[in-house]
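J.: Before we start, here is the structure in question, set down as structure tokens.
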Amino acid sequence: MPTNLNVAGSAPPETAKPKESRRWLKPRVSKEQLYRLAPRRAKPTRLGTLSLGDRVRAVICAWWAWFTAALMMELLGSRFTGLVLGGVAFALYHTTPDSHPAVYPLNPDFDTDTAEFRATMAGATGMPVVGGNRVEIFNNGDEFYPVMLEAIESAGLSITMEQYIYWDGEVGRRFAEAFAEKARDGVPVKLLVDAIGSSTLGSEIFTILEAGGCQLAWFRPIHWFTLHRANHRDHRKSLIIDGRVAFTGGSGIADHWLGSGKNMYEWRDVQIRVEGPAVAAQQAGFAQNWLMTTGEIINGHQFFPEPRTAGDVSVQTILSSPSEGAGAAGTMYLIAVQCAKRYLYIANPYFIPDARVIDMLARACRRGVNVKLMLAGRHNDTWWARQNSVRLYGILLRAGVEIYEYRPAMLHQKTMVVDGVWATVGTTNFDNRSFSLSEETNICLHDPVMVQQLRTTFDADLTSCERIEFADWKRRGAWQQTQEMFASLIENQV
């Protein structure tokens, strides 16, 4: 039987020398194959229909529209105007994010209390569910700051922190002193802070850290040659002790988190403490951003000790980074929303969903899910976010979503509870900046006891909220609506 295989030891037959592929010289494939599924499938239903206003805003905020206008002004001889318009185009080109690409509904035949949900969440986000952890949840600065400081004081191997907000003040100095004390004891202390969020750190705190021997690095300082990445920020808030205990949540290191969230000077927030094998994921997130910022690979048992069981809670740590508008945190939210069967309770300070997310929430209401949103009210610290949220109340209320505004203080926690069997606590806001532009961390809990604790917290906070009615929203004045339309021009940036 003829064969092309050579007998061992025999000389290979003479053949023509293989030529380089030269694929770049070959004709391009058709657009049908390049940009669409081929062969074409039946046209699926798409999520979200853009209104005329949405389309107009998209054109107004498009860099190419301003660039075209700049060229026209230059051709017409108005050089100064052309330069101004060109500057706007330049800024928009470097700051406009890609929107989240999830445009088709899941229509799952499973709910959150199934192995299929856990497998889907792990597969779609790339983050596994890890068992053997101990988890504690703390409310407001008077609860979580003392526990965090106690953990720092107990450190024996290492301390790492990745923080968006580290501000000067009583809290900032107390943490700096605790870090410096451990560094003087020989414990490596590495702090990574965002160059925008922590720009008010202050020289006093920096002097304390430097004198103690702590290492501090700034995540993405702004320079003219880094404008292309200036909009991508590190919004994580992780404190990791000995590679075995980790904290995260909505809180940064600043005085306005002190108190119990009962007046306008005390922010309402939630932090979560994890001890066990799941901590390795938060440490990995810190290690990656530390490497990117400093060029140093942290290593050894000081930072990555052998994992050991600390409890019986299963934890999934979502590490989200900007990637073509498809961060893992946004994917997590969208999967959970579409898998809810009984109720969906969301607490978030900055709630600016796009048309596709609004469609997902409306679909949830139509299939009988009780959807409640608890949002920051009049004490919202960001005017732009507040206006954009209020603008969207009408379409959400008409869809059947219940909206509540927290009245006593600035509500800053980022939690979501689904059907009593799954919940998440973390740093991710429900907006395009967190979904597409920022480094984020969320802890997902597949544990009924911990989920019930978050549900109880949500219910307790509802007693301090005012429910928004559609009729009241409709009666807001023309000036309020004008502010909302103006704010909507940068809805993807807040």
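Please treat every number below as a calculation from the coordinates, not as lab data. Since we're looking at a predicted model, the values are computed, not measured. Quick reminder, even Gly has a Cβ in these numbers, built from the backbone with ideal geometry, and neighbours come from all protein chains shown.
J.: Which value in deg cm²/dmol, rounded to the nearest 500, describes the helix-derived mean residue ellipticity at 222 nm for the chain, given -39,500 (n - 2.57) per DSSP H run of n ≥ 4 and division by the residue count? Don't skip to the end; give the middle numbers.
T.: Values: 16 runs with 185 residues, N = 494.
Dividing the helical sum by the residues of the chain leaves -11500 deg cm²/dmol.
J.: Quick one: if you stick a label point 7 Å off each Cα along the C-beta vector at ALA355 and THR96, how many nm between them?
T.: Spacing of the two 7 Å Cα→Cβ label points: 1.6 nm.
J.: Using 0.36 nm per residue of separation minus the Cα-Cα distance, give me the extension gain between THR382 and THR81 in nm, one decimal.
T.: Details: separation 301, 0.36 × 301 = 108.36 nm, distance 3.12 nm.
Difference between extended and current length: 105.2 nm.
J.: Ok, one more. Give the calculated FRET efficiency between ASP459 and ASP142 to the nearest 0.05, with a Förster radius of 25 Å applied to their Cβ-Cβ distance. Don't jump to the answer; show the numbers that get you there.
T.: Numbers: r = 21 Å, r/R0 = 0.83.
Rounded to the nearest 0.05, the efficiency is 0.75.
J.: Going down the list LYS182/LYS414; LYS372/LYS414; LYS237/LYS262, which pairs span over 21 Å between their C-alpha atoms?
T.: Result: LYS182/LYS414; LYS237/LYS262 exceed 21 Å.
J.: With every atom except the alpha carbons ignored, what do you get for Rg and Dmax of the chain, in angstroms?
T.: 25.6, 91
J.: Then there's this: What ranking of MET72, MET410 emerges when the number of other C-beta atoms within 10 Å of each C-beta is taken as an exposure proxy, fewest first? Write out the running numbers ahead of the final one.
T.: Working: MET72 13, MET410 22.
Exposure proxy ranking, most exposed first: MET72, MET410.
J.: Filter the GluC sites (Glu not before Pro) in the stretch 233-297 down to the DSSP loop ones having no more than 16 other Cβ atoms within 10 Å, then list what survives.
T.: Answer in residue order: GLU296.
J.: Another question about this same structure. How long is the gain from ARG476 to VAL59 if the chain were fully straight, where each residue apart is worth 0.36 nm and the alpha carbon distance is subtracted? Don't skip to the end; give the middle numbers.
T.: On the way: separation 417, 0.36 × 417 = 150.12 nm, distance 2.72 nm.
Between ARG476 and VAL59, full extension yields an extra 147.4 nm.
J.: While we're here: HN-Hα J couplings of the stretch 112-128 from phi, Karplus 6.51/-1.76/1.60, θ = phi - 60°, integer Hz, Gly and Pro as x?
T.: 6, 9, 9, 5, 5, 5, 4, 5, 5, 4, 5, x, 6, 9, x, 10, x
J.: Show me the trypsin sites (Lys or Arg not before Pro) within the stretch 237-333 that DSSP assigns to loop and that have at most 16 other Cβ atoms within 10 Å of their Cβ. List each step's numbers first, then the result.
T.: Values: sites: LYS237, ARG244, LYS262, ARG268, ARG273, ARG308; in loops: ARG244, LYS262, ARG308.
Taking the stretch 237-333 and a limit of 16 other Cβ atoms within 10 Å, the loop trypsin sites (Lys or Arg not before Pro) found are LYS262, ARG308.
J.: A further question follows. Among the aspartates and glutamates, select those whose C-alpha is under 19 Å from the C-alpha of LYS474, and discard any that sit fewer than 8 residues away in the same chain.
T.: Partners within reach: GLU402, GLU405, GLU466, GLU484.
J.: Follow-up question, since we're still on this one. What does the extension gain come out to for GLU74 and THR207, with contour length at 0.36 nm per residue minus their alpha carbon separation?
T.: Length gained, GLU74 through THR207: 42.8 nm.
J.: Indicate, rounded to the nearest 5 percent, the antiparallel portion of the DSSP beta bridges found entirely in the chain.
T.: The antiparallel proportion sits near 60 percent.
J.: Now, a different point. On average, how much area does the Cα convex hull of the stretch 52-95 cover when viewed from any direction, in nm²? Could you put the intermediate results ahead of the total?
T.: Values: hull surface 12.0 nm².
Spelled out: convex hull of the Cα atoms, projected over all directions, averaged, 3.0 nm².
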